[in-house]
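As structure tokens, the structure follows; a few thoughts come after it.
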Amino acid sequence: MSILKITGGKPLSGSIRINGAKNSVLPILAATLINGGVNVLHNCPDLKDVTSAIKILEHLGCKVKREGKTITVDSSVVSRCDVPDSLMREMRSSVIFLGPIIARCGCAVLHTPGGCELGPRPIDLHLSALEKLGVSIENEGGNIVCKAGDMKGRDIILSFPSVGATENIMLAAIACRGATRIINAAREPEIEDLQQFLKKTGASVNGAGGSEISIIGGRAYFDTEHRVMPDRIEAATYLCAAAAAGGDVTVEDCESEHIGTVIERLTEGGADIKVSGRSVRIKVSDRLKSMPPVRTMPYPGFPTDCQSQLMAVACTAKGTTVFTENIFENRYRHTGQLERMGADIKVSGRVAVVEGVERLKGAVVTATDLRGGAALAVAALGAEGCTVIEDIYHIDRGYEKMEQSLASLGADAVREE
């Protein structure tokens, strides 16, 4: 099993280019099932979750070829409509295959998805929406068995702007007769990227990025070529890394407006940040100060996927920073690991109060989940001594060769078996 060893205390410098977005490439890979053609996707990151998605496509009968950052999916033949438990458990995002399989095959059999243990992330929003579109759903021995009846478009009002549910409805609605409207849809940039891909296949999808999305049913048939958007969470993570370690770092090929709330908080903490086109430069020469309260919210609010990384920065900021986690109830599992490094954090329900200490100290810690693992790396960069991070397969699910990226900025970071 791999570990990540980081010896802190070295300011970072240089530039780093951001990879394609994990949370965009996964639904787009699932969407390649729908058009039954050849789909060429560029800027695809080399991540464990992407590998898992490719395995699912191959299991379903697709031909998949990967060359560097380009993945080609030939979905002209789909021979199965089930995803086995072993593949579903590899990533939570596997549920995104539900809508495309139904749209392509008229039926689907899936197990309960896996991924990070961040508390209840029920897929009832997905299932209830599909039922409203005309899909019958039964639970048979832990399997979710879906069969498409007479699928008709209709208005779907989401009680919560769930990203996954919004994407699944978009993908399933392509197989419906008539028009579907998603009301209170999630507004994340990755949904806009999915819409752009679907339009290239010939699908009629409009409104992504807003709270109402409309889909006119009808199979999409065109071969496609698409470049995946940059990963806003990766960009925010490396900005936090520079904030914790100090130094002068430029994050390139990113959309600054997608991480505006993170940039705002780091700036309020004293970081000198300048945006120029698709690059963001951060300079930190002294210990930061505490930041205004951080409340995670659906986009365009502060992203839950950046909460733990910013908390790692706050651990050594002067003063007190308060975090409120409004998306996942168990997204404070990393706090116990930060405390092993000397952090002063008090958690009560959805609220975490961080009292900044002058310096963290290296320790042996465990990545409890994907973003929590990234937070430990951020904390280690500014800590005194060596930090050993175990269970870094979580980190590998969302960051391509993080140790190499950090080393390119001058960090003492190595992967060991």
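The values are calculated or read from the model by the stated rules, or taken from the named source; none is laboratory data. Because the structure is a prediction, the values reported are computed rather than measured. Positions of Cβ are generated from backbone atoms using ideal geometry, with glycine treated the same way; all protein chains shown enter the neighbour counts.
Name the single residue, out of those in segment 1-11 being assigned to a strand (DSSP E or B) and under 25 Å from the mean Cα position of the chain (by Cα), that is surrounded by the most Cβ atoms within 10 Å (Cβ to Cβ).
Step one: of segment 1-11, the residues assigned to a strand (DSSP E or B) are 3-7.
Checking the rest, the ones that are also under 25 Å from the mean Cα position of the chain (by Cα) come to 3-6.
Details: Ile3: 16, Leu4: 25, Lys5: 16, Ile6: 28.
The extreme case among them is Ile6.
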task = Name the single residue, out of those in segment 260-283 being touching a Pro at 6+ places or on another chain (Cβ under 8 Å) and surrounded by 17 or more Cβ atoms within 10 Å (Cβ to Cβ), that is farthest from Ala314 (Cα to Cα).
result = Thr261
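Based on this model, can you work out whether Glu138 counts as out of contact with any Lys or Arg (no Cβ under 6 Å at 6 or more places or on another chain), within 24 Å of Tyr221 (Cα to Cα) and of a type in the set (Asp, Glu)?
On the way: out of contact with any Lys or Arg (no Cβ under 6 Å at 6 or more places or on another chain): yes; within 24 Å of Tyr221 (Cα to Cα): no; of a type in the set (Asp, Glu): yes.
In short, no.
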inquiry  = Here is a list: Lys48, Lys55, Lys63. Which entry is in the same structural domain as Met151 (by TED's automatic domain parsing) and surrounded by fewer than 15 Cβ atoms within 10 Å (Cβ to Cβ)?
reply    = Lys63
task = Only residues in segment 276-287 that are closer than 14 Å to Gly260 by Cα count as the first member; pair them with residues that are of a type in the set (Ser, Thr, Tyr), Cβ under 6 angstrom, at least 6 apart or cross-chain, and list the lot.
result = Ser279/Thr250; Val280/Ser256; Arg281/Thr250
ask   = Which fully enclosed strands (runs of 3 or more DSSP E) of segment 77-170 have 1 or more residues being touching a Leu at 6+ places or on another chain (Cβ under 8 Å), under 30 Å from Arg331 (Cα atoms) and at pLDDT below 95?
value = 107-111, 143-148
inquiry  = Please go through segment 4-37 and give me each residue that is more than 19 Å from Tyr399 (Cα to Cα) and touching a Lys or Arg at 6+ places or on another chain (Cβ under 8 Å), ordered by number.
reply    = Leu33, Ile34, Asn35, Gly36
ask   = Looking at Asp74, is it outside the structural domain of Leu370 (by TED's automatic domain parsing) and modelled with pLDDT under 95?
value = no
note = Within segment 363-383, residues being over 20 Å from Gln404 (Cα atoms) and more than 25 Å from the chain's Cα centre (by Cα) number 2
ask   = Give me the pairs: first residue in segment 46-62 and over 17 Å from Arg104 (Cα atoms), second residue charged (D, E, K, R) and part of a helix (DSSP H, G or I), beta-carbon distance under 7 Å, and six or more apart or on different chains, which are they?
value = Leu47/Lys22; Leu47/Asp396; Lys48/Asp396; Asp49/Lys22
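State which residue is farthest from Pro303 (Cα to Cα) when the search covers only segment 171-199 and only residues that are small (Gly, Ala, Ser) and not in a loop (DSSP other than H, G, I, E, B).
As a first pass, look at segment 171-199 and keep what is small (Gly, Ala, Ser): 172-173, 175, 178-179, 185-186.
Add one more test, that the residue is not in a loop (DSSP other than H, G, I, E, B), and what stays is 172-173, 179.
On the way: Ala172: 26, Ala173: 27, Ala179: 31 Å.
The extreme case among them is Ala179.
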task = Kindly list, by first and then second residue, each pair from a residue in segment 325-338 that is on the phi < 0 side of the Ramachandran plot to a residue that is part of a loop (DSSP other than H, G, I, E, B) and of a type in the set (Asp, Glu), limited to pairs with Cβ atoms under 9 Å and residues at least 6 apart or on different chains.
result = Asn330/Glu117; Asn330/Asp369; Arg331/Glu325; Arg331/Asp369; Tyr332/Glu325; Arg333/Glu117; Arg333/Asp369; His334/Asp369
